[in-house]
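The values are calculated or read from the model by the stated rules, or taken from the named source; none is laboratory data. Just so you know, these numbers come straight off a predicted model, no measurement behind them. For neighbour counting, all protein chains shown are included, and Cβ atoms are generated from backbone atoms with ideal geometry for every residue, glycine included. Ligands, DNA and RNA are stripped out before the accessible areas are found, and what is left, the full protein with its side chains, is counted by its heavy atoms. Shrake-Rupley method; radii C 1.70, N 1.55, O 1.52, S 1.80 Å.
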Amino acid sequence: MSGDDDSSGWQLTESDPGVFSELLKTLGVPLVVDDLYSLDPESLSALQPLRALIFLFKWLPGAGEPELIGGAYDPSFPGFFAHQTVNNACATFAVLNAIGNIPDLAQGQQLQDLLSFCTDMDPQTRGMAITSADWLREAHNSLSPPVAISLDGLGLPKTSEDAYHFVVYLPSLGSVYELDGLKQHPVRHGTFDERGEGWVKKAREAIENRIQTYPASALEFSLLALHDDPLPSLQALLHSAQVSGDHDSAAVVSQRLEEENIKRERWAFENSLRRHNHFGLLHALLVALAKDGKLDTAAERARKVMKERVKARNAKGEAVMDED
C-alpha cells in the first residue's frame with residue numbers, strides 16, 4: 001500500500017510490466033510480467049507457463065477480508081510469506097511472495113542469500129529483514145521518478161490521496177492462495193482441478209469476488225501476469241526450425257521474437273524516462289518563455305486549465321481542492 005507516514009525510503013511504484021520486469025531482471029529471476037486484460041484461455045496461451053497473477057486495487061479499510069470473498073486464512077501455510085512492514089513497498093513484496101513459492105527458480109546471489117536468511121523467520125520478522133536490505137530498496141526505487149522539489153516544511157495543508165495495493169495469487173500445494181503482505185496470514189481460496197484452465201479458474205473467481213465488493217462503476221484495478229521469459233524458448237524454437245528447414249515455422253517464430261524485442265525496447269525507453277530527472281529541462285523551458293515575454297501568458301493559461309480540472313474533480317466528489 002502507498003502512503004507517506006512510514007515509507008522508510010521506499011518510493012511508489014507504477015503498475016507497469018516494464019517496471020516489474022526490470023525489477024525481476026535485477027533480482028536475477030528469469031521471469032517477466034505482462035498486462036492482462038482477460039483471463040480467458042486464448043489470452044493466456046502465449047503466457048504459459050503462468051506462475052502468478054499480480055493484482056492492483058484501490059485499498060479500502062475492511063475490504064477484501066476472506067469471509068467477504070470466499071476465502072479463509074491459513075495460519076499453517078508452509079510456503080514463503082512476508083508481511084509488508086513499510087509503506088510503498090507492496091510491489092516488491094508481491095514479487096517476493098510470488099517467487100519465494102516457485103520451486104527450482106533461478107535467482108541472483110543477493111536474492112538467494114536474502115531468502116535463505118529469512119527461511120526460519122515468522123512473516124513479521126521476515127518482512128522487517130526484507131525492508132532492511134538496502135540493495136533491494138535501491139532496486140525498488142531505481143524505477144521511481146526522482147523527486148526534484150520537496151514541499152516539506154512549507155506548512156501546506158495535507159490532503160488525503162487514494163491508496164493502492166498489490167497482492168499476488170498463485171497455486172501452491174493444490175490450492176490457490178492470495179498472498180497479501182498487509183494480511184496476518186495467506187488466504188486460501190480452495191483447491192483447483194489440474195485439467196482445463198487449472199488454477200487460473202479458481203484465481204479468477206477469487207479476483208472477481210473481490211471486485212464485486214466495490215461499487216459497480218469502480219475501475220481502479222489492474223492485473224499483471226508473472227510468467228517465464230519467452231525469449232530463450234523462442235530462440236531455441238527458431239534455431240530448431242532453421243536447422244530442420246521448416247521455413248514457415250521459422251517465419252512465425254521470428255515474428256514473435258521481433259514483437260518481444262520491440263516490447264523490451266519500449267520498456268527500456270520508458271524506464272529511462274522514469275529514471276531521468278526532468279527538472280533541468282523544465283527550468284530551461286521556463287527561462288526561455290520568460291526571455292520571450294511569454295511566461296505570464298503561459299502561467300495564466302495553466303491556472304485556467306487547473307481551475308477547470310479542480311472544478312471537474314470537485315463536482316465528481318473525488319477530492320476537495322483549493323483552486324489557488
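Here are a few things to note about the model shown:
- Residue that is more than 30 Å from PRO215 (Cβ to Cβ) and under 18 Å from the mean Cα position of the chain (by Cα), where the choices are ASN101, ASN97, ASN88: ASN101
- Residue that is surrounded by the most Cβ atoms within 10 Å (Cβ to Cβ) [pool: residues in region 12-29 that are modelled with pLDDT of 90 or more and assigned to a loop (DSSP other than H, G, I, E, B)]: VAL29
- When residues in region 163-186 are screened for being of a type outside the set (Lys, Arg) and within 11 Å of TYR73 (Cβ to Cβ), 6 of them pass.
- Among the residues of region 40-60, those identified as open to solvent by less than 70 Å² (accessible area, probe 1.4 Å) and either among the polar types (S, T, N, Q) or in a loop (DSSP other than H, G, I, E, B) (or both) are ASP40, SER43, PRO49, LEU60.
- Verdict on GLY3 being open to solvent by less than 10 Å² (accessible area, probe 1.4 Å), at pLDDT below 85 and either closer than 22 Å to LEU111 by Cα or under 19 Å from the mean Cα position of the chain (by Cα) (or both): no
- Beta carbons closer than 9 Å, at least 6 apart along the sequence or on distinct chains, pair a first residue in region 197-217 that is touching a residue at least 12 places away in the same chain (Cβ under 8 Å) with a second that is open to solvent by 60 Å² or more (accessible area, probe 1.4 Å) and assigned to a helix (DSSP H, G or I) for GLU197/PRO41; VAL200/PRO41; ASN209/LEU68; ARG210/LEU68; THR213/LEU68.
- Condition met for VAL147 (at pLDDT 95 or above and among the β-branched types (Val, Ile, Thr)): no
- Qualifying position, being of a type in the set (Asp, Glu) and modelled with pLDDT of 90 or more, among GLU258, GLU323, GLU308: GLU258
- Residue within region 233-249 that is over 14 Å from PHE55 (Cα atoms), touching a Phe, Trp or Tyr at 6+ places or on another chain (Cβ under 7 Å) and either β-branched (Val, Ile, Thr) or at pLDDT below 95 (or both) present: no
- Single condition LYS304 does not satisfy, out of (1) part of a helix (DSSP H, G or I); (2) more than 32 Å from the chain's Cα centre (by Cα); (3) more than 30 Å from LEU219 (Cα to Cα): (3)
- Of all the residues in region 219-247, those that are within 22 Å of GLU42 (Cα to Cα) and free of Cβ contacts under 8 Å to residues at least 60 places away in the same chain number 4.
- Region 96-125, residues that are open to solvent by 30 Å² or more (accessible area, probe 1.4 Å) and in a helix (DSSP H, G or I): GLN109, GLN110, GLN112, ASP113, SER116, PHE117, PRO123, GLN124, THR125
- Boolean, ALA63 is in a loop (DSSP other than H, G, I, E, B), among the small types (Gly, Ala, Ser), farther than 22 Å from GLU197 by Cβ and in contact with a Lys or Arg (Cβ under 9 Å, 6 or more places away or on another chain): yes
- Inspection of region 250-257 finds a residue satisfying the criterion of being open to solvent by less than 90 Å² (accessible area, probe 1.4 Å) and farther than 29 Å from VAL19 by Cα.
- Restricting attention to region 183-196, the residues being in a loop (DSSP other than H, G, I, E, B), in contact (Cβ under 8 Å) with a residue 24 or more places away in the chain and open to solvent by 80 Å² or more (accessible area, probe 1.4 Å) number 1.
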